[in-house]
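In what follows, a structure is listed as structure tokens, so that the remarks can point back to it.
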Amino acid sequence: MSARILSGKEFALQIKEEVRRDAGALLEKTGVVPGLTVVLVGEDAASQVYVNNKHKACLELGIRSDIVRLPETASKEELLTVIAGLNQDRAVHGILVQLPLPKALRTVEQEVLLAIDPAKDVDGFHPLNAGRLAVGDEHLVPCTPAGCVKMLEMAGLEIKGKHAVVIGRSNIVGKPMAQLLLARDATVTICHSRTKDLAAMARQADILVAAVGKAHFVTADMVKEGAVVIDVGINRLPNGKLAGDVDFEQVQHVAGAITPVPGGVGLLTIAMLLANTVKAAQLAVR
Ligand code: GUN
């Protein structure tokens, strides 16, 4: 069997068209151009790439985009001062502090995320927005899991009544992914590094979401015939190539549908960030 390949490009294009239309309608009605500001601390190479991609995507769709760059040595106070200024700036509807922060600031990450005005929290990482999601209010939802669910829905793949297994329990992907699937009536299991017999758990999944951060972690023997496999991982191999958390070459012969890496859910993450920015702007001008 050969799986249906779920191309992120195709779905992201559709979402971006909706965002372009919504941004245009907002401008026409209120004169407001949605604005996103990304705060980038330090010189992390992968983060530079992500931030530049976000910037380009905004400009394509009529969203104002700014990048505030702070040096690796920036203090917590400097970062909080920048965030306070953006919270006050009426032209800024979305604020995103690129993660990971440099090592020296990593212990204060939660404090930094808490400082962002929840109404401008387009990452959906503020505890208020995480709490809203937990009680079933999908206000500003973290972009990667939101993109995964949107892709399942756009592809016409049923979630209701399915057994979804999410591998990974991060605040950014695993936990919100589980909440979104639960809200759509899946039966959800969350697995992590301390799960006993993870392979046996994974084999029960109708929908398997891999958000582990280890290249080729999910092998063909961990996948049920016909399962939908969503690969959230973006890992750099020693040869410089990108690889997902799923062994795509093998698993594509077992799965019913599968997302590739690159070209899978990563593209949807950016599209959902743009959608969140326009949503935040719409709510701000109401
Ligand atoms: N680093 C990698 N992905 C993300 C993301 O979605 N948001 C933020 N803030 N940082 C990231």
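The values are calculated or read from the model by the stated rules, or taken from the named source; none is laboratory data. If you're wondering where the values come from, they're calculated on a predicted model, not measured in any experiment. Backbone-built Cβ (ideal geometry, glycine too); neighbour counts: all protein chains shown. With ligands, DNA and RNA removed, areas are computed over all heavy atoms of the protein, side chains included. Shrake-Rupley method; radii C 1.70, N 1.55, O 1.52, S 1.80 Å.
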Name the single residue, out of those in the stretch 237-286 being free of Cβ contacts under 8 Å to residues at least 24 places away in the same chain and either assigned to a loop (DSSP other than H, G, I, E, B) or of a type outside the set (F, W, Y) (or both), that is farthest from S7 (Cα to Cα). R286
Subset of the stretch 49-76, residues among the hydrophobic types (A, V, I, L, M, F, W, C), in contact (Cβ under 8 Å) with a residue 24 or more places away in the chain and more than 15 Å from the ligand (Cβ to nearest atom), comes to L61, I63, A74
Please indicate, with yes or no, whether at least one residue in the stretch 256-271 is under 23 Å from the mean Cα position of the chain (by Cα) and farther than 22 Å from A12 by Cα. no
Under the condition of being open to solvent by less than 60 Å² (accessible area, probe 1.4 Å) and closer than 15 Å to A227 by Cα, which residue from the stretch 162-180 is farthest from the ligand (Cβ to nearest atom)? H163
Picking from A199, A146, which residue would you name as being modelled with pLDDT of 95 or more, more than 16 Å from the ligand (Cβ to nearest atom), out of contact with any Cys (no Cβ under 7 Å at 6 or more places or on another chain) and open to solvent by less than 60 Å² (accessible area, probe 1.4 Å)? A199
Only one of these conditions is not met by Q204: (1) within 26 Å of L133 (Cβ to Cβ); (2) open to solvent by less than 40 Å² (accessible area, probe 1.4 Å). Which number is it? (2)
What's the number of the only condition in (1) away from the ligand (no atom under 14 Å from the Cβ); (2) farther than 27 Å from A23 by Cβ; (3) at pLDDT below 95 that A46 fails to meet? (1)
Kindly list, by first and then second residue, each pair from a residue in the stretch 97-117 that is under 18 Å from S170 (Cβ atoms) and of a type in the set (F, W, Y) to a residue that is part of a helix (DSSP H, G or I) and within 13 Å of the ligand (Cβ to nearest atom), limited to pairs with Cβ atoms under 8 Å and residues at least 6 apart or on different chains. none
From the options L152, L113, L133, L157, residue that is within 16 Å of the ligand (Cβ to nearest atom), open to solvent by less than 70 Å² (accessible area, probe 1.4 Å), over 14 Å from the mean Cα position of the chain (by Cα) and within 26 Å of E18 (Cα to Cα): L133
